[in-house]
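The structure appears right after this line, and notes come after that.
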Amino acid sequence: MKDQEKIAVFIDADNAPATKIDKVLSELARYGVVNIRKAYGNWKSPNLKPWEDVLHEFAIQPIQQFDLTKGKNATDMALVIDAMDILYTKDVDVICLVSSDCDFTPLVTRALADGKFVIGFGERKAPDAFVNSCSRFLYLDDELEAEVPLQKQTKNLKSDTKLINLLRQAIEACEEDDGWAMLGPVGTHITNHASFDQRNYGFKKLSDLFMAIDLFEVKKTGQTALWVRDKKRAKHLSRTKQN
């Protein structure tokens, strides 16, 4: 992705923690320049006071949306309308949605259909449909940022069938005859086929995630080249060659 990609950020202030806005913008700086920053909500509500406190500091434009009917939130519709307008009238490469609300899933799929890269940020309560629809999704909770022993963090990784299948399929797609696959292409394959980021599992690097799961083995060749292999598939390939 080019350094100067143009990014538009849409914040559902009712469903996102204001304390994490610096994390969001820091992550987006890796992709390009955030040209549009908008936060939606009923700014007369005391619940949005934390967001009010950071609006000016981070140059975020507040968009007022009254709760027209008790128990109903019109913020979602206002955000979607603005996002669609910007998709068609502005030169934007990346759409960022800060929310944990699955109501934005159709917006994500529409933006993807227009060739946009969509980054989502939300809490772990965010529904899988919304998380998986994004090109990349990062959790904002402190659950895995706390000082939790590594053993406890990785204990259930092997039982995460979806994760293990994703990793195995990526290795198989990039492997050589001996079952070893270069880590770089494996990571590219994963991000091209799923909304995935190893940081959501508590690891800064993809190699650290692989090394934490004893179903895989990692080796280094030369100065920097890292390779990964699925132990189970390596045995299968070995038996096939013998036969």
Residues in segment 176-225 that are of a type in the set (Val, Ile, Thr), open to solvent by 30 Å² or more (accessible area, probe 1.4 Å) and either more than 21 Å from the chain's Cα centre (by Cα) or modelled with pLDDT of 90 or more (or both) total 3
Log entry, pairs with first residue in segment 106-123 being more than 17 Å from ALA16 (Cα to Cα), second being of a type in the set (Phe, Trp, Tyr) and surrounded by fewer than 21 Cβ atoms within 10 Å (Cβ to Cβ), beta carbons closer than 8 Å, six or more apart or on different chains, reads PHE117/TYR31
Subset of segment 155-197, residues among the acidic types (Asp, Glu) and in a loop (DSSP other than H, G, I, E, B), comes to ASP160, GLU175, GLU176, ASP177, ASP178, ASP197
Restricting attention to strands (runs of 3 or more DSSP E) lying wholly within segment 1-70, give those where 1 or more residues are more than 21 Å from the chain's Cα centre (by Cα).
32-41, 61-64
Considering each residue of segment 1-16, count those that are open to solvent by 30 Å² or more (accessible area, probe 1.4 Å), within 19 Å of SER100 (Cα to Cα) and not acidic (Asp, Glu), and give that number.
1
Taking the criterion of being over 25 Å from SER26 (Cβ atoms) and open to solvent by 80 Å² or more (accessible area, probe 1.4 Å), would at least one residue in segment 48-65 satisfy it?
no
Would you say ILE86 is touching a strand residue (DSSP E or B) at 6+ places or on another chain (Cβ under 7 Å), under 24 Å from CYS134 (Cα atoms) and assigned to a helix (DSSP H, G or I)?
yes
Those residues of segment 84-97 which are under 17 Å from VAL33 (Cα atoms) and either among the small types (Gly, Ala, Ser) or open to solvent by 50 Å² or more (accessible area, probe 1.4 Å) (or both), in sequence order
LYS90, ASP91
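The values are calculated or read from the model by the stated rules, or taken from the named source; none is laboratory data. Just so it is clear, the structure is predicted and the values come from calculations on it, not from any experiment. Quick reminder, even Gly has a Cβ in these numbers, built from the backbone with ideal geometry, and neighbours come from all protein chains shown. The area values use the complete protein model at the heavy-atom level, side chains included, leaving out ligands, DNA and RNA. Shrake-Rupley method; radii C 1.70, N 1.55, O 1.52, S 1.80 Å.
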